[in-house]
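Notes to accompany the following structure.
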Amino acid sequence: MTRYTKLERKKHEDSGSWEAAPLTPAKLKQTADKQAHSEGGYKGRKNGKRSYSQVEGNDDNRSMDPLEKRRQRRAVQKMNSTICFACRKQGHAIKDCPEAKNQNKGICYNCGSTEHSLKACRKPRSGNKLPFAKCYVCDGTGHLAGQCPKNEKGMYPNGGSCRFCGKVDHLARDCKMTKEEAGTSVVGKIDLSQGADDDDFHIFVEEKQKFGQQNKDEKDLEKLIEKRKDNVKKKVVKF
């Protein structure tokens, strides 16, 4: 059943007041805006937004781009953190070092040529010997600081060692263990606790860790036995 209600009568409302703005020619308005801009300048926006000083013909007064500021700041930070390999001081590289004027800079450590670097040298090398290299640790010649016997950290100045053999005189990519195993063809090896999709590298790392832990346990056991032997009192028998 549909119910009908009595609708309210429409109320009459008077129209609002409207004030007409005075009409001005378009050319006069444009000239007035240009004059105000030239006299007052561009003072910027309000409500805390940035303001830009726009002065024609003077680039020094213009604000620098934020990206350019960030790039210059990063370049300064990088230069300040650079360590010289000659004097071991921060703030400059070996090519700008004032104490390395008499040292051989920009030469090949293998053949002594100034036309190329050690990386591009075609002369065969005999092991790790570099006749024209100078070590900054012992001030000797014939080797770099990474192969210096007096350098305890070797190729890892911030600490660490090769993840395969544990030595510090070479990087992991130059390890002999990986090069010797590269010549052998291995089909694959899977442990019973591993899945079919596991990589052989992870298994190799786990075996290396187990071997290192076994050596550590054996050394700890030997130290414990020696300590107990020292603590045992000798029995004196009188006749």
Subject >> Net charge of Cβ neighbours under 14 Å - reference ARG71; Lys, Arg +1; Asp, Glu -1 >> reply: +3
**OP:** Take the cross-link list LYS176/LYS216; LYS129/LYS208; LYS69/LYS150; LYS150/LYS208; LYS119/LYS167; LYS78/LYS210 and give me the ones stretching past 32 Å between alpha-carbons.
**Re:** LYS69/LYS150; LYS78/LYS210
Original post:
Can you run phi through the Karplus equation (6.51, -1.76, 1.60; θ = phi - 60°) for segment 137-143 and list ³J(HN,Hα) in whole Hz, with x for Gly and Pro?
Top reply: 8, 10, 6, x, 10, x, 7
Original post:
For segment 205-218, in order, what is each residue's ³J(HN,Hα) by Karplus, 6.51 cos²θ - 1.76 cosθ + 1.60 with θ = phi - 60°, in whole Hz (x at glycine and Pro)?
Top reply: 5, 5, 5, 5, 5, 5, 5, x, 5, 5, 4, 5, 5, 5
Subject >> Length released on extending from THR114 to MET79, taking residue separation times 0.36 nm less the Cα-Cα span >> reply: 10.0 nm
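Throughout, read-outs are computed from the coordinates displayed, never taken from laboratory work. In this text, all values refer to a predicted model and were calculated from it rather than measured experimentally. Using ideal geometry, Cβ is built from the backbone for each residue, glycine included, and neighbour counts are taken over all protein chains shown.
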